[in-house]
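Notes to accompany the following structure.
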Amino acid sequence: MASPTARLPDRFADLDHEAHVCSSLDLAREAAERGDGPYGSLLVRADDGAVVMEERNAINTADDVRRHPELTLAYRAAREFSPEQRRDLIMYTSTEPCPMCAGGIAQVELGAVVHSTAAERAADLYGRDTCLPSAEVYDRRGSDVAVGGPVLPEAGDAVHREVGDADGADG
């Protein structure tokens, strides 16, 4: 069976994908502890593996439906990095981005996204009938965002089972 990160560009090959996914899961737990849904994400630079940004879900605490960590990071990356720099950023996220977040990620052209819990699995965990995998959003937008995952899916699923989906929305 192929590695869940085998489709990532070579520039991301030497990164510690599992460690970064674990960090995103810690951020998801922190979000849930303060009353938001269990979602967390971080951006890592390919050349040195440095974490350059991180975010937690803030839909409830900020009273703003747009405050998914993935969309917030995409917005911040667009403001703080050039298009060339963004292509060398990889997002690690506790759960595969929802369609809104995937659209933002595609728009700013991040290099890749690695998730723990897949969109289809998240839908199952919360009793939802439908989901739209992020790769479909990237494909339909003609984006080159590479997708890796699920990485450590049991750990990601455990976060959702432990704390639930406080805001009733993906991401």
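Things to note:
- Positive-pole candidate from PRO38, CYS101, ALA28, dipole of the chain, charges at beta carbon: CYS101
- Solvent-accessible surface of the chain, taken per residue with a 1.4 Å probe and all protein chains present: 47 Å².
- Around the Cα centre of the range 56-171, unit charges on the Cβ atoms of Lys, Arg, Asp and Glu (plus for the first two, minus for the last two) sum to a dipole of about 340 debye.
- By average C-beta atoms within 10 angstrom, highest first, the peptides 16-29, 70-83, 87-100: 87-100, 16-29, 70-83
- The distance between label points at ASP26 and LEU132 comes to 3.4 nm (points 7 Å beyond Cα on the Cα→Cβ vector).
- Residue list for the range 1-24, given a label point 7 angstrom along the Cα-to-Cβ vector of VAL51 and an amide N cut-off under 17 Å: 15-24
- ³J(HN,Hα) computed for each position of the range 85-96 - Karplus, 6.51 cos²θ - 1.76 cosθ + 1.60, integer Hz, glycine/proline x: 5, 5, 5, 9, 9, 10, 9, 10, 9, 5, 9, 3
- Only protein heavy atoms count here; under a 1.4 Å probe, ASP139 has an accessible surface of about 120 Å².
- For the residues ARG11, ARG66, ARG141, ARG86, a 1.4 Å probe over the protein chains yields an accessible-area ranking, largest first, of ARG66, ARG141, ARG11, ARG86.
- Rounded percent of accessible protein surface that carbon and sulfur make up, the chain, 1.4 Å probe: 45 percent
The values are calculated or read from the model by the stated rules, or taken from the named source; none is laboratory data. Since the structure is predicted, the reported quantities are computational estimates derived from the model, not experimental observations. Note that each Cβ is placed from the backbone with ideal geometry, even for glycine, and that neighbours are counted across all protein chains shown. Only protein heavy atoms, including side chains, enter the accessible area calculation; ligands, DNA and RNA are left aside. Shrake-Rupley method; radii C 1.70, N 1.55, O 1.52, S 1.80 Å.
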